1. How far apart, in nm, are two points set 7 Å out from the Cα along the Cα-to-Cβ line at Trp154 and at Arg38?
2. Report the FRET efficiency, 1/(1 + (r/R0)^6), for Leu21 and Lys262, where r is their Cβ-Cβ distance and R0 is 41 Å, rounded to 0.05.
3. Any chance you could give the angle, 0 to 90 degrees and rounded to 10, that helix 96-107 forms with the longest Cα principal axis of the chain?
4. For the chain, with only Lys/Arg (+1) and Asp/Glu (-1) charged at the beta-carbon, what is the dipole magnitude about the Cα centre, in debye rounded to 20?
5. Connecting C-alpha atoms closer than 10 Å in a GNM of the chain, tell me which of Tyr11, Tyr141, Tyr210 has the biggest fluctuation.
6. How big is the C-alpha Rg of the range 92-148 next to the rule-of-thumb value 2.2 N^0.38 Å, as a ratio?
7. Could you pull out every one of the aspartates and glutamates with an alpha carbon less than 16 Å from that of Lys111, ignoring same-chain neighbours closer than 8 positions?
8. Report the charge-dipole magnitude of the range 158-309 in Debye, nearest 20, computed about the Cα centre from +1 at each Lys and Arg Cβ and -1 at each Asp and Glu Cβ.
Amino acid sequence: MKVFVTGGAGYIGSVTTELLLDKGHEVVVFDSLERGHREAVDKRARLVIGELRDAAQVQKAMLDARPDAVMHFAAYALVGESMQDPGLYFSNNVTGGVNLVSAMVKSGVPKIVFSSTCATYGYPERIPITEETPQNPVNPYGESKRMYEKILAWYQQIHGIRPVFLRYFNAAGATLRFGEDHEPETHLIPNVLKVALGQAASVKIFGTDYNTPDGTCIRDYIHILDLAGAHIRALSGGHTGPFNLGTGTGFSVREVVDVVRKVTGHTIPETVAARRPGDPDRLVAAAERARTVLGWNPEHSNLESIVESAWAWHQAHPHGYRKTA
Ligand code: UFG
């Protein structure tokens, strides 16, 4: 298939592009390179530098590419930033997304696989989280993702587009070529690895008084190669609707830090810091729907394998993409 990948220069988009190409698909990456990296775009893909908020640019790129399907990764994804500048999130993640799906309608592209998030659930009442768990986002980032799911559902009803919403839990890990390079970096695993690389003196643990056995937050970490695999499964057939993507097993912040100690052989000093606003105690997926409907089975998401793959990438790219290009 020919796939139009927005955000193919970003973390999850770059790895999915690589896997699509490995499986013989053709890829056009549409990315502004504002937060993505040119070096993260697989050379076998065609890169179109463009801005989602510019409807005419998206429309032109879609008409030129004439893809069979769209995978939509491009978005702002910093919870803290969204609490300070919500407009940024609604204009990019929602208005940009409307431009994208409108261009699909005009070009007759029937299918979109959308990067949604467990952040759409907010503080869930029950764990594990199923797709039927009420979505009550607690920040503009999660709200922008939920709004776009709803917008796509209307385009399905009115224009017959087939949307799939992949609600990722905690994306982590790397392939040999592509890994995680955010600025600023807010995610736990790369921040712990920075300590192992000697780029930070200690890791900050944001809160040790949560309602969990060791007092630190529990998350469901999923390898980006497994996420990429789910996208490819979601492309085929008549699949539509939401799918949670997680392993069903949660690890606390302290458990993650311990695994990094084991994998890197570094002592990783820690500092206890205040809670980060908006962090729920536990986010763990019930991903049976993805298993039974998509036939998806995470193969790379053992926590130690995740950390090993991220560690290998960060050692090879100690300053991310910029300084290794
Ligand atoms: N944490 C630390 N120290 C750090 C970084 C994180 O203690 O230096 C803690 C956080 O407080 C949290 C846990 O580690 O308890 C995981 O934090 P991440 O930032 O790695 O990931 P989140 O769980 O906050 O991710 C959430 C959602 C995703 C969403 C993402 C947006 O789970 O679906 O926010 O970036 F996409």
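The values are calculated or read from the model by the stated rules, or taken from the named source; none is laboratory data. What you see is a predicted model; the values in this text were computed from it and never measured. FYI the Cβ positions are ideal-geometry reconstructions off the backbone, even for glycines, and counts take in every protein chain you see. What goes into the accessible areas is simple: the full protein's heavy atoms, side chains included, and nothing from ligands, DNA or RNA. Shrake-Rupley method; radii C 1.70, N 1.55, O 1.52, S 1.80 Å.
1. Spacing of the two 7 Å Cα→Cβ label points: 3.8 nm.
2. Once the sixth-power term is evaluated, E becomes 0.75.
3. Helix 96-107 sits roughly 30 degrees off the main axis of the chain.
4. Numbers: 33 positive and 35 negative charges, 138 e Å.
That gives a dipole near 660 debye.
5. Taking springs between Cα atoms under 10 Å, the residue moving most is Tyr210.
6. Values: Rg = 13.6 Å, N = 57, 2.2 N^0.38 = 10.2 Å.
Output field value: 1.33.
7. Output for Lys111: Glu26, Asp68, Glu149.
8. Numbers: 15 positive and 17 negative charges, 74 e Å.
Its charge dipole is roughly 360 debye.
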